[in-house]
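Take a look at the structure set out below.
The values are calculated or read from the model by the stated rules, or taken from the named source; none is laboratory data. Every value quoted in this text rests on a predicted model; they were computed, and no experiment measured them. Cβ atoms come from the backbone with ideal geometry, glycine included; neighbour counts cover every protein chain shown.
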Amino acid sequence: MDDHNKRVIETALLCAQEPLTVADMTRLFVEDIAPGEIDNALIELQKAWEDKGMELVHIATGWRFQSRLAMREYLDRLTPEKPPKYSRAVMETLAIIAYRQPVTRGEIEEIRGVAVSSNVMKQLEDRGWVEVIGHKETIGRPGLYATTKQFLDDLSLTNLQSLPMLEDAAPMAAAAQLGQAVMEFDASATVETVIELDENGQPIIQSTDEELVNEEFISEKTSEAVEEVTPESEDKPDEQK
């Protein structure tokens, strides 16, 4: 592909408000451009931007330019407001859905050992990160939760196989690694409805605290990096009254 056409693609990507697919980019030209030519042009553009503050990335819904993580400290000076933080409950629930999907709310509670607040699920659904994709054929037909393309886009991932590899299968390990990838969360926030399982594996609810969760959501990862946060390793049950 000649330099002019590459500039056309580059300009379209820089001006686009949403990621562009290869099919979108073929419509930029009157003449027929093979998808393979556009793929090659995109790879060349990636290389051309390797030493710049922006990078061209391939995500679930297409291609887009975004700022590099190293630029965050400078860009933050233009918008000094810190992004809202997520509670431990939100991060653990999101991590379990991401790594174990499709999964029911009951299965999430069994893995975490605590009841999942409706507010937590509402946050994740409102943010567009999770959705119900079906129902499990069992008593009550509970909904099966899975992550969305919006979730992948916000994490700058092309597919679920691009998620960070887990060194520990525990929910907090998954939450920590996921959090380090794209978002901050408040490890001091407490949730909880603490659950014990009886000898038959059925949950026994012992006590309930009000869940503290942030009602706002972080902005898209464009011009945003992630600070590492080391969360508390366990949920602490409330004292019996």
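Summary of computed values
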quantity: Helices (runs of 4 or more DSSP H) enclosed by segment 1-105 - at least 3 residues per element that are modelled with pLDDT of 90 or more and on the phi < 0 side of the Ramachandran plot; calculated: 3-15, 22-26, 35-48, 88-100
quantity: Residues of segment 104-157 satisfying the condition of being in contact (Cβ under 8 Å) with a residue 40 or more places away in the chain and among the β-branched types (V, I, T); calculated: T104, I111, V114, V120, T147
quantity: Out of K52, K6, K82, sole residue that is loosely packed, with under 11 Cβ neighbours inside 10 Å and among the basic types (K, R); calculated: K82
quantity: Subset of segment 40-49 [within 29 Å of T148 (Cα to Cα), out of contact with any strand residue (DSSP E or B) (no Cβ under 8 Å at 6 or more places or on another chain) and either surrounded by 15 or more Cβ atoms within 10 Å (Cβ to Cβ) or among the aliphatic types (A, V, I, L, M) (or both)]; calculated: A41, I43
quantity: Long-range neighbours under 8 Å by Cβ, at least six apart or interchain, first residue under 24 Å from L166 (Cβ atoms) within segment 74-93, second at pLDDT 85 or above and among the β-branched types (V, I, T); calculated: S87/V120; A89/V114; A89/V116; A89/V120; V90/V120; T93/I108; T93/V116; T93/V120
quantity: Output for segment 1-42, where each listed residue is free of Cβ contacts under 8 Å to residues at least 12 places away in the same chain and farther than 16 Å from I59 by Cβ; calculated: D2, D3, H4, R7, T11, C15, R27, V30, E31, D32, A34, G36
quantity: Test: G36 is closer than 23 Å to N159 by Cβ and exposed (fewer than 12 other Cβ atoms within 10 Å of the Cβ); calculated: yes
quantity: Residue in segment 10-33 that is farther than 19 Å from D154 by Cα, acidic (D, E) and surrounded by 18 or more Cβ atoms within 10 Å (Cβ to Cβ) present; calculated: yes
quantity: Residue ID - surrounded by the fewest Cβ atoms within 10 Å (Cβ to Cβ), chosen from residues in segment 106-145 that are touching a strand residue (DSSP E or B) at 6+ places or on another chain (Cβ under 8 Å) and part of a loop (DSSP other than H, G, I, E, B); calculated: R141
